[in-house]
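What follows is a set of notes on a single structure, which appears directly below.
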Amino acid sequence: MTDSVSPYSADFERLSSALTAAVREHPALAGLALLGSGSHDAAARRDEWSDHDFFAIAAPGAAAVARRDLDWLPDQERLVLTAREGELGFVAVYDDGHVFEFAVAEPGELAGALAEEATVTVDDADATVARLISESQARAAALPATDALNDTRLVLVKLLIGTGRLRRGETLNGGQFIRQWAVKHLVLALRARAQLIDGAEPAGIEPTRRLEEAFPEIAADIEAAIAQPAERAAQSLFELTRRVLEPGWNEFPSGAADAIARRLGW
């Protein structure tokens, strides 16, 4: 562990400890690897925008059980949003804007090697988890593009993370989250809602193709939003998302949107 400790580490470590305990107690989970700023080696650089990135390693044959619901995450009463991201990935947002980004998988499903900055805090397989992770190959599988609610949740998450990166000084990376990933999920959500409500054509391989033809006013608003400086672009996309998707849709994650707006001062 590093000698210097970030002033943001106390709450972060409390969540790390709670997460470790939750994984230990779950019968389908056999390991936990905290990555990036969650690791001991990176503790000194944590700031107010640091997320929890981790692998939750399932016992052999138990991944489907562990992925079925996320009731094992700590502080359940504070969760305002969870979403799927691909076959193995998840995100969760708490009421203070803190983000969990993680994969739930058996060792053979996990991609690539453990990062240099990684701390294995639970390993019920006699220290084999890290080795198995490092030997595994990627399996990327996208969710169906018709999941309007999941994509809407991901719009909010990408805007939250991207704005946090901007405020940390990561201008290029934050801008990618806002202008690329948030826009992608917004377009997918728009098309999915139109398909459900009006029977419109589903999103193709590249959902932004012919967007101007299908949604001319919204496409113009998106273009105007992302032409602005990155943080203003993020806020404009956030407002656009609520304006075009929230009215009349009872499942829209309004509580999560409110929490994110509070966290970002919007």
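The values are calculated or read from the model by the stated rules, or taken from the named source; none is laboratory data. Just so you know, these numbers come straight off a predicted model, no measurement behind them. Using ideal geometry, Cβ is built from the backbone for each residue, glycine included, and neighbour counts are taken over all protein chains shown. Note: areas computed on protein heavy atoms with side chains; ligands, DNA, RNA excluded. Shrake-Rupley method; radii C 1.70, N 1.55, O 1.52, S 1.80 Å.
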Condition test on Pro247, is it over 22 Å from Gly175 (Cα atoms), exposed (fewer than 14 other Cβ atoms within 10 Å of the Cβ) and either over 20 Å from the mean Cα position of the chain (by Cα) or free of Cβ contacts under 8 Å to residues at least 60 places away in the same chain (or both)?
yes
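Residues to consider are Thr208, Thr171, Thr163, Thr152; find the one that is open to solvent by 50 Å² or more (accessible area, probe 1.4 Å) and within 21 Å of the chain's Cα centre (by Cα). Outline the logic, then answer.
On the way: Thr208 fails: within 21 Å of the chain's Cα centre (by Cα); Thr163 fails: open to solvent by 50 Å² or more (accessible area, probe 1.4 Å); Thr152 fails: open to solvent by 50 Å² or more (accessible area, probe 1.4 Å).
After ruling out the rest, the residue left standing is Thr171.
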Given Ala259, Ala192, which one is open to solvent by less than 80 Å² (accessible area, probe 1.4 Å), in contact (Cβ under 8 Å) with a residue 60 or more places away in the chain and touching an Asp or Glu at 6+ places or on another chain (Cβ under 7 Å)?
Ala259
Filtering the stretch 76-97 for residues that are out of contact with any helix residue (DSSP H, G or I) (no Cβ under 7 Å at 6 or more places or on another chain), assigned to a loop (DSSP other than H, G, I, E, B) and open to solvent by less than 30 Å² (accessible area, probe 1.4 Å) leaves a count of 1
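Out of Ala44, Ala115, Ala59, which single residue is at pLDDT below 90, in contact with a strand residue (DSSP E or B) (Cβ under 8 Å, 6 or more places away or on another chain) and closer than 25 Å to Gly174 by Cβ?
On the way: Ala44 fails: in contact with a strand residue (DSSP E or B) (Cβ under 8 Å, 6 or more places away or on another chain); Ala59 fails: closer than 25 Å to Gly174 by Cβ.
Answer to the check: Ala115.
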Search result, residues across the stretch 18-56 that are in contact with a Ser or Thr (Cβ under 9 Å, 6 or more places away or on another chain), free of Cβ contacts under 8 Å to residues at least 60 places away in the same chain, part of a helix (DSSP H, G or I) and open to solvent by 40 Å² or more (accessible area, probe 1.4 Å)
Ala44, Arg45
Which one of Ala182, Ala233, Ala227, Ala214 is touching a Lys or Arg at 6+ places or on another chain (Cβ under 9 Å) and open to solvent by 50 Å² or more (accessible area, probe 1.4 Å)?
Ala214
Output the number of residues of the stretch 240-258 satisfying the condition of being touching a helix residue (DSSP H, G or I) at 6+ places or on another chain (Cβ under 9 Å) and assigned to a helix (DSSP H, G or I).
9
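Can you pull out the residues in the stretch 57-75 that are free of Cβ contacts under 8 Å to residues at least 24 places away in the same chain and surrounded by 14 or more Cβ atoms within 10 Å (Cβ to Cβ)?
Kept after step one, since they are free of Cβ contacts under 8 Å to residues at least 24 places away in the same chain, are these residues of the stretch 57-75: 64, 68-71.
Leu70, the sole residue that qualifies.
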Which pairs do you get when a residue that is part of a helix (DSSP H, G or I), found in the stretch 220-239, comes within reach of a residue that is open to solvent by 60 Å² or more (accessible area, probe 1.4 Å), reach meaning Cβ atoms under 6 angstrom, with the pair 6+ apart or on two chains?
Ile226/Arg179; Gln235/Trp266
